[in-house]
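The values are calculated or read from the model by the stated rules, or taken from the named source; none is laboratory data. Because the structure is predicted, anything quoted here is derived from the model rather than measured. Note that we place each Cβ from the backbone using ideal geometry, even for glycine, and neighbour counts take in every protein chain shown. Accessible surface areas use protein heavy atoms only, side chains included; no ligands, DNA or RNA. Shrake-Rupley method; radii C 1.70, N 1.55, O 1.52, S 1.80 Å.
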Amino acid sequence: MVPGGRIVRQSRTMASQRKPVIVRRFSRDWLAGYALSVFPPDAPELEILDTGGKVLRLPWSAIKWVCYVRDLAVSPVDQGNPERLIHKRFTIRPRTAGLWLRMTLQDGEELEGLAPNDRSLIDGAGLLLTPPDQRSNTQRIFVPRSAIQTLEVISLIGAAKRRPGAAEQSELFGGQGE
């Protein structure tokens, strides 16, 4: 407390270090808890803090995906699908910028999502995707590299626009081809 009786949070970073997640394993069971928002590229396992306050360590090879969710509360109706991830493919072309990816996971399930067009595609423990259904409980999906069987780039959405003043191709090649 500070003078005046107000309560002040000691660290602003504490609130954002761990996010609510639903971890789906290949064994079809799932865990709810809190995980780091960014995983170190060389992390040998996923560390989550379950809802009871216990730290769990899971090998990446056992994890199908980690869904960052809005709400950890799971109703009896959602026991089979706590991520509430109904649409796993885009029905129309996405409008948000990024790489539209389609992947087949080790268990044969297909998943689509938008990934940032940056080094995270080749570096890191896995891919962070924006799911097709933005209205579901799932805001982002982290898919470990070991869970991916095949990966296909469908499209680059929102490519950088041409800069003003950029040279025309005919100018670059001395007006040839006109």
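The table for this structure:
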item	result
Extension gain (nm, one decimal) between residue 42 and residue 122, 0.36 nm per residue minus Cα-Cα	27.5 nm
Net lengthening on full extension, residue 79/residue 19 (0.36 nm per residue, minus Cα-Cα)	19.6 nm
Fraction of accessible area attributable to carbon and sulfur, the range 27-68 (%, probe 1.4 Å)	58 percent
Order by protection proxy (mean Cβ within 10 Å, highest first), peptides 108-114, 50-56	108-114, 50-56
Gained length - residue 50 relative to residue 151, 0.36 nm times residue gap less alpha-carbon distance	33.3 nm
Residues in the range 45-70 reached by a label modelled at residue 139 [backbone nitrogen below 14 Å; 7 Å Cα→Cβ]	67-70
Packing-based ranking, highest mean first, of 133-144, 65-76 given that Cβ atoms within 10 Å are counted	133-144, 65-76
³J(HN,Hα), Karplus 6.51/-1.76/1.60, whole Hz, each residue of the range 113-119, x for Gly, Pro	x, 9, 10, x, 8, 8, 5
Mean Cβ neighbour count within 10 Å, used as a protection proxy, ranking 89-95, 32-38 highest first	32-38, 89-95
Proximal aspartates and glutamates to residue 88, defined as alpha-carbon separation beneath 16 angstrom and excluding residues fewer than eight positions away on the same chain	107, 109, 110, 112, 133, 152
